[in-house]
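The values are calculated or read from the model by the stated rules, or taken from the named source; none is laboratory data. What you see is a predicted model; the values in this text were computed from it and never measured. Please note: Cβ atoms are built from the backbone with ideal geometry, for glycine as well, and neighbour counts cover all protein chains shown. These accessible areas exclude ligands, DNA and RNA; they are computed on the full protein's heavy atoms, side chains included. Shrake-Rupley method; radii C 1.70, N 1.55, O 1.52, S 1.80 Å.
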Amino acid sequence: QVQLVESGGGLVQPGGSLRLSCAASGSISSIYVMAWYRQAPGKQRELVATIIVGGATDYADSVKGRFTISRDYVKKTVDLQMNSLKPEDTAVYYCYARGGITAWGQGTQVTVSS
């Protein structure tokens with residue numbers, strides 16, 4: 001099994017920055033893909049950013065140029081650096097891992113508001 005725990009959410013003003021972190025534990029050697037999803041009230045969960053073994057990344061069009069996903073194999077974390085935040089970025093952000101297993105974190109709230 002793999003356990004994922006997110007941290008770093010909070011309240012930020014438009015134009016501000018936040019850094020989310022996802023700590024992985026358990027059988028992490030099989031993880032091939034890690035990603036961040038988000039779900040806003042009344043909306044479906046959507047993919048925000050992915051990173052695969054080898055370091056290739058991909059982003060939703062709505063966050064390209066503003067968000068950066070990174071993975072630290074020593075710390076066993078996946079971070080999401082979010083810059084130039086907009087009110088429409090408000091959502092619960094979830095960490096996701098896939099390999100021989102699939103795992104989700106519990107989510108962390110990000111609120112962008114003045």
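Here is how the numbers come out for the structure above:
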item: Cβ-placed point charges (K, R +1; D, E -1), dipole of the chain about Cα centre in debye, nearest 20; result: 80 debye
item: Proximal lysines relative to LYS76, as straight alpha-carbon distance under 26 Å, when same-chain residues fewer than 8 apart are discounted; result: LYS64
item: Förster-model FRET efficiency, 25 Å R0, SER114 and SER7, C-beta, rounded to 0.05; result: 0.55
item: Per-residue ³J(HN,Hα) for the range 29-40, Karplus 6.51 cos²θ - 1.76 cosθ + 1.60, θ = phi - 60°, Hz, x for Gly and Pro; result: 5, 8, 5, 9, 10, 10, 8, 10, 10, 9, 9, 8
item: Carbon + sulfur, % of accessible area of the range 60-114 - ligands and nucleic acids excluded, 1.4 Å; result: 48 percent
item: Amide H partners (placed H, <5 Å) of VAL48, local residues excluded; result: TRP36, TYR37, ARG38
item: Kirkwood-Stokes translational diffusion coefficient of the chain, alpha-carbon pairs, 37 °C, 0.692 mPa s, µm²/s; result: 235 µm²/s
item: Alpha-carbon spread of the range 51-105, three principal axes, descending order, Å; result: 35, 21, 20
